[in-house]
Protein chains: 2
Amino acid sequence: MRWTQTFIPTMKEVPADAEVPSHQLMLRTGMIRQLMAGAYTFMPLGYRVVRKVSEIVREEMDRAGAIELFMPAIQPMELFERTGRREAFGNVLFNFETKRGDRNLHFALGPTHEEVITDLVSREIKTYKQLPITMYQIQTKFRNEERPRFGVLRTSEFLMKDAYSFAASLEQLNVQYDAMYNAYCRIFERCGLEYIPVEAESGPIGGDASHEFMAPADNGEDFVVRCKGCGYAANQERADTGRTSSVPAKVDGAADPVKVDTPDAGTIEDVSKMQKADPATFIKTLVYIADEKPVAVLVRGDHDVNEGKVRRAFGATDLELADEATIEKVTGAPVGFAGPVGIGCDLIADHDVAGIAAAITGANAKDTHLTGVVPGTHFELSETFDLRNATAGDPCPKCDATLEIVHGIEVGHVFKLGTKYSESLDANYLDSSEKKHPIIMGCYGIGVSRVVASIVETCHDDGGIIWPMHVAPYTVELIPLNVKDDDVMTAVNKIYDDLTAAGIDVLMDDRDQRPGFKFKDADLIGLPVRVVIGGKGLKEGNAEIKLRTDDKATMVPIGDTISHVQELIADNG
Amino acid sequence: MRWTQTFIPTMKEVPADAEVPSHQLMLRTGMIRQLMAGAYTFMPLGYRVVRKVSEIVREEMDRAGAIELFMPAIQPMELFERTGRREAFGNVLFNFETKRGDRNLHFALGPTHEEVITDLVSREIKTYKQLPITMYQIQTKFRNEERPRFGVLRTSEFLMKDAYSFAASLEQLNVQYDAMYNAYCRIFERCGLEYIPVEAESGPIGGDASHEFMAPADNGEDFVVRCKGCGYAANQERADTGRTSSVPAKVDGAADPVKVDTPDAGTIEDVSKMQKADPATFIKTLVYIADEKPVAVLVRGDHDVNEGKVRRAFGATDLELADEATIEKVTGAPVGFAGPVGIGCDLIADHDVAGIAAAITGANAKDTHLTGVVPGTHFELSETFDLRNATAGDPCPKCDATLEIVHGIEVGHVFKLGTKYSESLDANYLDSSEKKHPIIMGCYGIGVSRVVASIVETCHDDGGIIWPMHVAPYTVELIPLNVKDDDVMTAVNKIYDDLTAAGIDVLMDDRDQRPGFKFKDADLIGLPVRVVIGGKGLKEGNAEIKLRTDDKATMVPIGDTISHVQELIADNG
């Protein structure tokens, strides 16, 4: 492709409203343009990358035995009511009523396609002989993001590969899940994207077990807990801390806690300033409603409660923070002064609470805290649990090393769904003795447009993008130093034709611009290989060839250009 | 691909609710399955064809110099208000309001993308130096079809290739238009789809000149007027009739028209039965409002008024059928009894009206008609016009032959848009003397999923589909006669591997079924080449090879299978 024949509107300035490097660079390279908040057009250069990533995804899905199909984007709302996802998605689910003749129809725009494919399978698959099967599509998904941001990292429509597996046994599901997991690893490797597979909660989508694939990135919105020792990795909701504790024995003759006045100080931050005390010496007391019963959850002042862990510790189905009235009822005080001593409900404590020798806590009385509270002495503590998010420095739950926290962008997710959807949508199979069972499902997603942005987010320098070889919009940028010089253009056109004939994607910058201007744009759009023709080099019969990552170019006899480029591609793929 | 590893749910029965062959066959071959009215999933076999057609479209667009991008499906409603298409589309435009935070947003689902791309161009293109440019995308479009039908021929979402050209002069536009026109011809040829390019009105989308590409098909909803002599072709709205007439001289001493009672007979059909008269002897009188003024339009009783022609004859901007009150006012009678004699408004007549010697007309009085009405004598007639739809047997407007009427499916459309969108969305360029002009646009659409259905609609026999070579879901169906016979499977697996290695798409029917069952399904799904291995043939060292269109198979030494198949593909591509 010749630059003047396509449409690559590069920009020198960093756009003011773009916060993260990928957003800035995708705008500056003319890969994307905004239509409105949360909606971008993929411009010619950007869409080439989308297509290359899609093709890698397709090849690896096919290789893993998944079958491609294509489902409608507009879905009947009724299906979301049957699976309960209308409520689970809430306002995020784009949906609307429309008239057709005298009928009123209620539609949703597919955020994913569990409902549609399970409905299809419920009609078409009847027996275990038709199982296992995994199907996928590459398609635009729609979500009414409350706060779209970071360019195409979080938008109201995005390209996704979504796959769904159907099995007659857990063994079949596990084989399918592993096939998708391994395909995902190959996809990210081929895309040149660093990734960490992490253990994950399955979240509102429901189900048993799942992994997220995280691209480590400073601006990632997710937190990955990772052990450098053994490779253990989990998202922050899921990560175990590796802490344990022995429950402290009751201290005989311990001094009573001391009441201190803390007027209007309802947060740990307020009180720690007022008392000049380390938040790690506080016990944070949060009142929850677990399956309709109020309970107090204790964690150290510098820690955050992990509701998934609390839910599991209680074996509770529903868990939510208590309302003000409940808090006042169990503590006898306004919100902000809860503490374990004398609280009017059951309590449960994190392991680290036991390790505080003399804690500061709320006093269950307005504008009052207690100091010198001894866990197990001033309040009962027969057992402790892992109830909080892991933090950097926590011991690894799997080895002797410690955990670190890494920011990441979620680029893929694999779920074992179980029978949530097949039960609510009547997708059943008959086993060999004609007995009916719900089909066992898995679902597997990759955000294709998000992968593109993640590559840019993680592969760039001050000059611009550094494309990995297999997802670059073009592999080679070919620069004639002077487009008005016939000798230059004869040589360049021959190289262009030869590279194209060799099946290599080449972008020729045939703009009538100064070399420095073109070199800056070449660094900005970041194609892997740069070939410059002209000047002294050409007079000496040479082409000037460099990788985007090289500081200096190599002079190569002009007749060897194609073979040299081919070598660079082979060595750096 | 092995049949047992994919998902091709074929059906023996013709589905009761599918009216046309393409809908029946796409259901029976498992190419599509319905989600709800107007919404279909493309199943694995069907989606392969969609992808093959898309790839042909993409290659020909690229070859024609168009640049691919990808725009959002959700569009701000405000853009449709600025171009007036909110009103033009009416209920067909899916649109909805949604909340994001405390903002109310109003979105449309893109039926096409004139607005979005013109908005983009208005921001990014500033000078004639950036023109001409043509951009395209292949994307799902959304339309709230009042009556979706015929499977994927008319659905509420469908895959479309839409291209938009931007030019600084009419000469540039014409070059772009011709490039697209020629690309369309190549696309349909490569798809193996018969097509007729026809002159067309530009319809509500606005603009100057356009062609539709019609696939001739008995069940097509469009009418193509075609001359077998010179190749002239136009859609029925556009086609000229080639009639002329000399205005009849006033007949001196002609008998007055005779009033006849036609109680409750307000249609030509009623009166022609009652009077035992040929509708061709009637004058049909329709009252229209042309730019706020009532006018009577006269055509022969067996002809249909063409409103586009009437609008042009009057030079009118707005034209609509008059309401009941206006009709009663100008005729002095209830609806159904209008006639040219003594009517209280201007009138305009089609050429053929002049040729009726003694006509039957309404009498402008309740339950009364006139017979023996002589045009030019009993009412004034100083000029006649082409005001009606062409019919079979009309003279060709371009040569001496006569016209025929063919049913067709519209599969593509090219428009010269002019400046309608660039003016309403401020897309301007500066010329070489820095003067501002609106950019001149064209738009070009192909319904990709409709092309797929049209191929099925036109390429089938009683046994099933007959796929053209380059769009077949697989090129070869490989059938082992007995999957439990090791010799058969050894031979078949080798052929499968060799065909695959030669880059040929092959589907192996490895189901444990009787040969007759597999042959029926092979005819049904209609792959171009069938290779059968087993039985006596295999014992003699032969493969049995036939085209889908052959009655009899050829026995070929098994070692020559690949080369023989390659020859068949080359000869029948």
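The values are calculated or read from the model by the stated rules, or taken from the named source; none is laboratory data. Since the structure is predicted, the reported quantities are computational estimates derived from the model, not experimental observations. Glycine also receives a Cβ, built like all others from the backbone with ideal geometry; neighbour counts cover every protein chain displayed. Heads up: the accessible areas ignore ligands, DNA and RNA and are worked out on the full protein's heavy atoms, side chains in. Shrake-Rupley method; radii C 1.70, N 1.55, O 1.52, S 1.80 Å.
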How many residues are in a loop (DSSP other than H, G, I, E, B), surrounded by fewer than 22 Cβ atoms within 10 Å (Cβ to Cβ) and more than 37 Å from the chain's Cα centre (by Cα) if we restrict to segment B:368-404? 6
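Name the strands (runs of 3 or more DSSP E) wholly within segment A:293-367 that hold at least 3 residues that are out of contact with any Pro (no Cβ under 8 Å at 6 or more places or on another chain) and surrounded by 18 or more Cβ atoms within 10 Å (Cβ to Cβ)?
Values: elements: A:293-300, A:319-321, A:346-350, A:359-362.
Passing ranges, in order: A:293-300.
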Residue check for B:Tyr47: on the phi < 0 side of the Ramachandran plot, within 8 Å of another protein chain (Cβ to nearest Cβ), touching a residue at least 60 places away in the same chain (Cβ under 8 Å) and of a type in the set (Phe, Trp, Tyr): no
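Residues are listed down the side, and each one gets a yes or a no for (1) touching a strand residue (DSSP E or B) at 6+ places or on another chain (Cβ under 8 Å); (2) farther than 25 Å from B:Arg51 by Cβ:
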{"residue": "A:Tyr47", "(1), (2)": "yes, no"}
{"residue": "A:Glu55", "(1), (2)": "no, no"}
{"residue": "A:Met61", "(1), (2)": "yes, no"}
{"residue": "A:Ala73", "(1), (2)": "yes, no"}
{"residue": "A:Arg100", "(1), (2)": "no, yes"}
{"residue": "A:His106", "(1), (2)": "yes, yes"}
{"residue": "A:Lys126", "(1), (2)": "yes, yes"}
Quick one: A:Asp431 ticks every box in (1) under 19 Å from A:Arg548 (Cα atoms); (2) touching a strand residue (DSSP E or B) at 6+ places or on another chain (Cβ under 9 Å) except a single one, so which number is it? (1)
Kindly check whether there is at least one residue in segment B:409-422 that is crowded, with 16+ Cβ neighbours inside 10 Å, part of a strand (DSSP E or B), among the polar types (S, T, N, Q) and modelled with pLDDT of 95 or more. no
I'd like to verify a number: residues in segment B:505-526 that are touching an Asp or Glu at 6+ places or on another chain (Cβ under 7 Å) and among the hydrophobic types (A, V, I, L, M, F, W, C), how many? 2
Hey, can you tell me all the residues within segment A:249-286 that are touching a Pro at 6+ places or on another chain (Cβ under 6 Å) and not polar (S, T, N, Q)? A:Ile268
Just to be sure I understand the filter: pairs with C-beta atoms under 8 Å, separated by 6 or more residues or on different chains, first member in segment A:476-499 and modelled with pLDDT of 95 or more, second member in a helix (DSSP H, G or I) and charged (D, E, K, R). Which pairs pass? A:Ile479/A:Lys518
Exactly one condition in (1) within 12 Å of chain A (Cβ to nearest Cβ); (2) open to solvent by 10 Å² or more (accessible area, probe 1.4 Å); (3) not in a loop (DSSP other than H, G, I, E, B) is false for B:Glu146; which is it? (3)
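Can you name every residue in segment B:327-346 that is free of Cβ contacts under 8 Å to residues at least 60 places away in the same chain and of a type in the set (A, V, I, L, M)?
So the first thing to find is which residues in segment B:327-346 are free of Cβ contacts under 8 Å to residues at least 60 places away in the same chain, and the list is B:327-333, B:338-340, B:342-346.
Result: B:Ile327, B:Val330, B:Ala333, B:Ala338, B:Ile343.
Just to be sure before I move on: is B:Phe158 more than 9 Å from chain A (Cβ to nearest Cβ), touching a Gly at 6+ places or on another chain (Cβ under 7 Å) and either surrounded by fewer than 21 Cβ atoms within 10 Å (Cβ to Cβ) or in contact (Cβ under 8 Å) with a residue 24 or more places away in the chain (or both) in the structure I sent? Break it down into steps so the answer makes sense when it comes.
Numbers: more than 9 Å from chain A (Cβ to nearest Cβ): yes; touching a Gly at 6+ places or on another chain (Cβ under 7 Å): yes; either surrounded by fewer than 21 Cβ atoms within 10 Å (Cβ to Cβ) or in contact (Cβ under 8 Å) with a residue 24 or more places away in the chain (or both): yes.
Yes: the conditions hold for B:Phe158.
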Restricted to segment B:75-118, and to residues that are among the charged types (D, E, K, R) and touching a helix residue (DSSP H, G or I) at 6+ places or on another chain (Cβ under 6 Å), which residue is farthest from A:Arg33 (Cα to Cα)? B:Arg86
Keeping to segment B:123-143, report how many residues are more than 8 Å from every other protein chain (Cβ to nearest Cβ), charged (D, E, K, R) and not in a strand (DSSP E or B). 3
For segment B:154-165 the number of residues that are assigned to a strand (DSSP E or B) and either aliphatic (A, V, I, L, M) or out of contact with any helix residue (DSSP H, G or I) (no Cβ under 6 Å at 6 or more places or on another chain) (or both) is 6
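For A:Pro76, are the conditions met, namely being over 25 Å from A:Ile479 (Cβ atoms), open to solvent by less than 10 Å² (accessible area, probe 1.4 Å) and either more than 9 Å from every other protein chain (Cβ to nearest Cβ) or modelled with pLDDT of 95 or more (or both)?
On the way: over 25 Å from A:Ile479 (Cβ atoms): yes; open to solvent by less than 10 Å² (accessible area, probe 1.4 Å): no; either more than 9 Å from every other protein chain (Cβ to nearest Cβ) or modelled with pLDDT of 95 or more (or both): yes.
So A:Pro76 fails the test.
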Please state which one of A:Gln24, A:Gln5 is out of contact with any Lys or Arg (no Cβ under 8 Å at 6 or more places or on another chain), closer than 18 Å to A:Thr155 by Cα, of a type outside the set (Phe, Trp, Tyr) and open to solvent by 40 Å² or more (accessible area, probe 1.4 Å). A:Gln24
Take A:Ile187 and decide whether it is at pLDDT below 95, of a type in the set (A, V, I, L, M) and either in the same structural domain as A:Val414 (by TED's automatic domain parsing) or touching an Asp or Glu at 6+ places or on another chain (Cβ under 9 Å) (or both). no
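Are there strands (runs of 3 or more DSSP E) fully within segment A:173-285 with at least 2 residues that are in contact with a Gly (Cβ under 6 Å, 6 or more places away or on another chain) and not aromatic (Phe, Trp, Tyr)? List them. Walk me through it before giving the result.
On the way: elements: A:196-200, A:209-216, A:222-227, A:233-235, A:258-261.
The strands (runs of 3 or more DSSP E) meeting that bar are A:209-216, A:222-227.
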Output yes when any residue across segment A:156-168 is at pLDDT below 95 and not hydroxyl-bearing (Ser, Thr, Tyr), and no when none is. no
Does any residue of segment B:168-191 turn out to be open to solvent by less than 10 Å² (accessible area, probe 1.4 Å), in contact with a Cys (Cβ under 8 Å, 6 or more places away or on another chain) and at negative phi? no
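Please go through segment B:543-573 and give me each residue that is more than 33 Å from the chain's Cα centre (by Cα), among the polar types (S, T, N, Q) and in a helix (DSSP H, G or I), ordered by number.
Filtering segment B:543-573 for residues more than 33 Å from the chain's Cα centre (by Cα) gives B:543-546, B:551-567.
Narrowing the set further to residues that are among the polar types (S, T, N, Q) leaves B:554, B:561, B:563, B:566.
Passing the criteria: B:Thr561, B:Ser563, B:Gln566.
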Being closer than 21 Å to B:Gln137 by Cβ, more than 8 Å from every other protein chain (Cβ to nearest Cβ) and not aromatic (Phe, Trp, Tyr): is that true of B:Glu60 here? yes
